[in-house]
Amino acid sequence: MLLKMYTAVHRHARMSPLKLRQVARVLKDQMATTGREKLRFVPRKSARLIGKVLDSAIANAENNFGVSVDRLVIDNVIIEEGPAFHRHIPAARGSAHPIRKRTSNIRVNLFSKDQLYGTKS
């Protein structure tokens with residue numbers, strides 16, 4: 001059975017993928033409203049960024065497809081590596097050490113519980 005996915009993407013988020021994945025692990029296979037509430041109480045920048053993308057995916061499903069918010073389930077939160085900014089920091093004896101300022105692409109996929117069980121409301 002092919003599920004209809006409702007997605008939102010934030011590209012080039014200024015945070016490393018490792019930091020974002022630590023928060024994203026918590027959200028898989030939860031109701032969208034529950035995931036939103038959990039993110040509200042995590043005191044990290046990554047939770048704020050993922051929360052904004054989750055809110056956008058919920059709004060996409062609600063406004064573009066008319067899906068009820070209470071029926072939405074988080075399928076997965078995908079954190080991909082984006083382009084890195086290359087910088088240098090001065091080091092001893094006139095040399096320079098490279099610094100990579102990493103970015104991420106955040107993708108949130110939602111689906112409706114109705115599709116899973118075949119019911120309509």
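For chymotrypsin sites (Phe, Trp or Tyr not before Pro), the sites in region 1-88 that DSSP calls loop and that have at most 12 other Cβ atoms within 10 Å are Phe41. A full extension of the chain between Val42 and Arg21 corresponds to an added length of 6.2 nm, given 0.36 nm per residue minus the alpha carbon distance. Bridging of Lys19 to lysines at a Cα separation below 28 Å is possible for Lys28, Lys38, Lys45, Lys52, Lys101, once same-chain residues fewer than 8 apart are set aside.
Among the trypsin sites (Lys or Arg not before Pro) within region 1-95, those in coil by DSSP and having at most 13 neighbouring Cβ atoms inside 10 Å are Lys4, Arg14, Lys28.
In this simple spin-label model, placing a label point 7 Å from the Cα along the Cα-to-Cβ direction at both Asn64 and Arg102 gives a separation of 2.9 nm.
Under 10 °C and 1.306 mPa s, how fast does region 12-58 diffuse according to Stokes-Einstein, given a Kirkwood radius computed over C-alpha pairs? Answer in µm²/s, whole number. It comes out at roughly 148 µm²/s.
Scoring 96-102, 54-60 by mean Cβ neighbours within 10 Å over their residues and listing the highest first yields 54-60, 96-102. Taking a Cβ cut-off of under 11 Å around Arg48, the surrounding Lys, Arg, Asp and Glu residues balance to a net charge of +3, with basic ones at +1 and acidic ones at -1.
Between Asp114 and Ser56, what length comes free when the chain is fully extended (0.36 nm per residue of separation minus the Cα-Cα distance, one decimal in nm)? Please list the in-between numbers first.
Values: separation 58, 0.36 × 58 = 20.88 nm, distance 2.04 nm.
Value of the extension gain: 18.8 nm.
Its relative contact order, with pairs defined as Cα atoms under 8 Å and 6+ residues apart, puts region 1-119 at 40 percent.
Taking only the C-alpha atoms, wrap a convex hull around the chain and report its volume per residue in Å³ as a whole number. Please report the intermediate quantities before stating the final value.
On the way: hull volume 12.8 nm³, N = 121.
About 105 Å³ per residue, rounded to a whole number.
Every number here is computed from the coordinates shown, using simple stated rules; none is lab data. Note that this is a predicted model, so its numbers are computed, not measured. Don't worry about glycine lacking a Cβ; one is built from the backbone with ideal geometry, like all the others, and counts go over all protein chains shown.
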